[in-house]
Ligand SMILES: *[C@@H]1O[C@H](CO)[C@@H](O)[C@H](O)[C@H]1NC(C)=O
Ligand SMILES: *[C@@H]1O[C@H](CO)[C@@H](O)[C@H](O)[C@H]1NC(C)=O
């Protein structure tokens with residue numbers, strides 16, 4: 001082994017453990033290639049076999065990864081929904097990190113803000129057909145029918161918005177429930193606890209991975225403020241709302257009369 005000059009360090013350290021193996025292989029190879037063409041050919045074949053093995057392992061690995069947690073294969077297993085083919089997506093970089101800025105949905109209750117929330121929630125229910133509910137995998141016993149035909153249904157995003165709105169009503173209970181009795185308060189607590197649980201499940205399900213960081217804005221603050229420039233892939237709200245409006249049983253019932 002000492003005949004290989006570029007790997008001739010001592011054999012005490014971890015580095016040398018590697019060097020020893022490297023030099024041994026190099027040494028064997030040289031010996032075999034000197035021994036004749038047949039042995040050289042065997043080495044090439046061994047190399048090709050190893051390469052093929054690597055490719056097979058790689059292919060198995062890739063197909064397994066797709067089966068276990070690849071989003072595309074999981075998407076095939078999620079429940080069908082009549083809205084899914086209508087949803088469009090876009091990049092959204094809107095963040096609510098500035099506490100002094102209000103949108104039409106936030107801030108202290110005003111008539112404009114109440115109107116915005118009412119308009120947002122208006123298409124909450126849609127008129128589902130029996131076939132749609134069966135295709136979605138719903139339980140079909142004791143379904144709530146809609147007057148004029150069809151069955152009452154809603155989609156997840158509206159259930160969650162409903163929960164947010166109820167929490168908002170409670171946050172401003174002096175405005176929305178000025179004369180709340182103890183019994184009403186007890187009922188609301190139960191409902192809102194369920195709402196928080198609904199939102200927890202959805203938030204954890206969607207696992208938002210956007211980065212937020214913290215920065216000192218003013219020297220008088222005792223903790224840094226949240227900031228984010230992250231871009232997310234979001235549903236275009238219009239695409240969902242237009243579908244929901246088109247399926248509203250109220251609208252159809254009105255146009256019928
Ligand atoms: C709440 O009670 C006050 C006084 O008892 C009454 O004037 C007011 O109309 C009540 N508000 C509602 C929303 O019931
Ligand atoms: C609901 O949809 C069905 C068709 O699936 C229709 O026959 C019925 O009139 C609709 N009902 C309402 C209240 O819009």
**Q.** Residue list for the stretch 130-151, restricted to those being within 11 Å of ligand 2 (Cβ to nearest atom), exposed (fewer than 14 other Cβ atoms within 10 Å of the Cβ) and in contact (Cβ under 8 Å) with a residue 40 or more places away in the chain
**A.** 147, 148
Q | Top-ranked residue in the stretch 82-121 [being under 20 Å from the mean Cα position of the chain (by Cα) and free of Cβ contacts under 8 Å to residues at least 60 places away in the same chain; ranked as nearest to residue 156 (Cα to Cα)] | A | 84
Q: For residues that are in a strand (DSSP E or B) and farther than 9 Å from residue 93 by Cα, tally how many sit in the stretch 216-232.
A: 3
Q | Filter pass, residue 158 being in contact with a strand residue (DSSP E or B) (Cβ under 7 Å, 6 or more places away or on another chain) and over 30 Å from residue 216 (Cβ atoms) | A | no
Q: Go through the stretch 91-138 residue by residue and tally those that are within 30 Å of residue 231 (Cβ to Cβ) and out of contact with any helix residue (DSSP H, G or I) (no Cβ under 9 Å at 6 or more places or on another chain).
A: 15
Q: Scan the stretch 174-185 for residues that are part of a helix (DSSP H, G or I) and either in contact with a helix residue (DSSP H, G or I) (Cβ under 9 Å, 6 or more places away or on another chain) or exposed (fewer than 10 other Cβ atoms within 10 Å of the Cβ) (or both) and jot them down.
A: 174, 175, 176, 182, 183, 185
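Does residue 120 meet the test of being within 16 Å of ligand 2 (Cβ to nearest atom) and part of a helix (DSSP H, G or I)?
Working: within 16 Å of ligand 2 (Cβ to nearest atom): no; part of a helix (DSSP H, G or I): yes.
Considered against the rule, which asks whether it is within 16 Å of ligand 2 (Cβ to nearest atom) and part of a helix (DSSP H, G or I), residue 120 comes out as no.
Computed from the coordinates by the stated procedures, all read-outs in this text should not be read as laboratory data. All figures in this text were calculated on a predicted structure; none of them were measured in a lab. Using ideal geometry, Cβ is built from the backbone for each residue, glycine included, and neighbour counts are taken over all protein chains shown.
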